[in-house]
Amino acid sequence: MKVVFCIDDNPAYLSLLKVAVRSLRSVHGAEISCLCVYAGQDKRVFETLENEAVPLARYSPRLSPDLLPDRFHRCLGCFLKLELALVPELAQDAYVLYCDVDVLFFRPIIELFGLAPKYMGMAREATAPFFHEYQALEYEFQGRKCFVPMPFPIWTFSSGVVLFNLQRLRHRSVVEHFLAFCRQNVDRIGNLDQSLLNYFFGKRISRLADRWNRPPYQSDCLDTAHIVHFHGPKPWEKTAFPDLRINCFETMRDVWFSYLREDEKKRFVL
Ligand SMILES: [Mn+2]
């Protein structure tokens, strides 16, 4: 199974991607297969991917920037994961493990390769369930009106690590329905791609154990995490989110920096 990353032109992503890929190979060896999906044309991205020997899939998303509200333009990359079932380079893959680039592979992930979620597997965020102001969201698909009842109470699954069943998403136009829903409801979401996945797939999402997506601010991260997710403050951030720079944050941040060369560390004020 491939490990898939998605990026956009945010330069911070390049350091994150390097550590994600290096830690993945450190845990699993160089033969683990990965792919990076990218819609832009920044030379620095091409160079970094080439230097890190990460295969690139250039992809023009159906949810193109002109269809997304301006306020999402700073993080276009996060929407790419919604379309992995349509990426030609993944056409032969039944399942893929999507990971944000702000992850650190800390223990083996082989166990995940044996799972077969019906649509997708995601770990839960440590937030309380909530109720959306809409009882149902609607969208039109091929001239028909479709309704998606909100999966009340809505438990939030994190889109930082998603084990996608691409085969299922390609079957019977599920992904086409989903993208029609996304296009027509993107103004009714709070949390980017994650809201779209949670609202549309709701109770069809299979729950992954916490160890597959553990933020460093959780006290058990060091002892249990297989994939550490720098959800909240990024490893180099010293003042943002003070209440989340707790527990294992400092330790995991040091592990993260250990994957960078001295010259690569210099761009961060430590
Ligand atoms: Mn993330």
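Any read-out appearing in this document is the output of simple, stated calculations on the displayed coordinates, not a laboratory observation. The model shown is predicted, which means the values in this text are computed figures rather than measured ones. Neighbour counts run over all protein chains shown; Cβ positions are idealised from the backbone, glycine included.
Once you have all Cα-Cα distances for the stretch 151-270, histogram them in 5 Å bins from zero and send the whole-percent values.
2, 10, 16, 16, 16, 14, 11, 10, 5, 1, 0
HN-Hα J couplings of the stretch 91-103 from phi, Karplus 6.51/-1.76/1.60, θ = phi - 60°, integer Hz, Gly and Pro as x?
Result, ordered by residue: 4, 8, 8, 6, 10, 9, 9, 7, 9, 4, 7, 8, 10 Hz.
Hey, what do the phi angles of the stretch 219-226 turn into as Karplus ³J(HN,Hα) couplings, whole Hz, using 6.51/-1.76/1.60 and θ = phi - 60°, x for Gly and Pro?
Listing the rounded values in order: 5, 9, 4, 4, 7, 10, 5, 9 Hz.
Place the peptides 243-252, 136-145, 92-101 in order of packing, highest mean first, counting for every residue the other Cβ atoms within 10 Å and averaging per peptide. Don't skip to the answer; put the middle values down first.
Numbers: 243-252: 16.0, 136-145: 11.7, 92-101: 20.0.
The packing order, highest mean first, is 92-101, 243-252, 136-145.
Around Thr224, with a cut-off of 14 angstrom between Cβ atoms, what is the net charge of the other residues, counting Lys and Arg +1 and Asp and Glu -1?
On the way: positive: Arg107, Arg211, Arg214; negative: Glu111, Asp210, Asp220, Asp223.
Cβ neighbours under 14 Å give a net charge of -1.
Pull up all non-local amide H partners of Val96: gap of 5 or more, or a different chain, and H-to-H distance under 5 Å with H placed in the peptide plane.
Sorted by chain and number, the residues that satisfy this are Phe164, Leu166.
Can you sort Val175, Val27 from fewest to most other Cβ atoms within 10 Å of each residue's own Cβ? Before the final figure, lay out each step's value.
Values: Val175 20, Val27 17.
Ordered from fewest to most neighbouring Cβ atoms within 10 Å, Val175, Val27 come out as Val27, Val175.
Expressed as a whole number of Å, what is the distance separating the alpha-carbon centroids of the stretch 87-123 and the stretch 218-253?
Distance between centres, Cα-based: 22 Å.
Which of Cys6, Cys146 comes first, and how do the rest follow, when ranked by fewest Cβ neighbours within 10 Å?
Neighbour counts put them in this order, fewest first: Cys146, Cys6.
With charges only on Cβ, +1 for K and R and -1 for D and E, what is the dipole size of the chain about its Cα centre, in debye, rounded to 20? Can you show the working numbers first?
Details: 34 positive and 32 negative charges, 93 e Å.
Result for the chain is approximately 440 debye, rounded to the nearest 20.
Quick one: which of 51-61, 33-43, 196-206 comes out on top by average Cβ neighbours within 10 Å, and what's the full order, highest first? Don't jump to the answer; show the numbers that get you there.
Numbers: 51-61: 14.2, 33-43: 16.7, 196-206: 19.4.
My ranking of the peptides, most packed first, is 196-206, 33-43, 51-61.
Projected onto the charge dipole of the chain (+1 at Lys/Arg Cβ, -1 at Asp/Glu Cβ, origin at the Cα centre), which of Val96, Ser15, Pro108 gives the Cα projection farthest towards the positive end?
Selected residue: Val96.
As a quick test, which of the pairs Lys43/Lys203; Lys81/Lys118; Lys18/Lys118 have an alpha carbon distance above 29 angstrom in this structure? List each step's numbers first, then the result.
Working: Lys43/Lys203 41 Å; Lys81/Lys118 17 Å; Lys18/Lys118 31 Å.
Flagged as over cut-off: Lys43/Lys203; Lys18/Lys118.
Calculate one ³J(HN,Hα) per residue across the stretch 65-76 by plugging θ = phi - 60° into the Karplus curve 6.51 cos²θ - 1.76 cosθ + 1.60, and present them in order as whole Hz with x for glycine and proline.
Each residue of the stretch 65-76 in turn: x, 5, 8, 9, x, 3, 5, 9, 5, 6, 9, 4 Hz.
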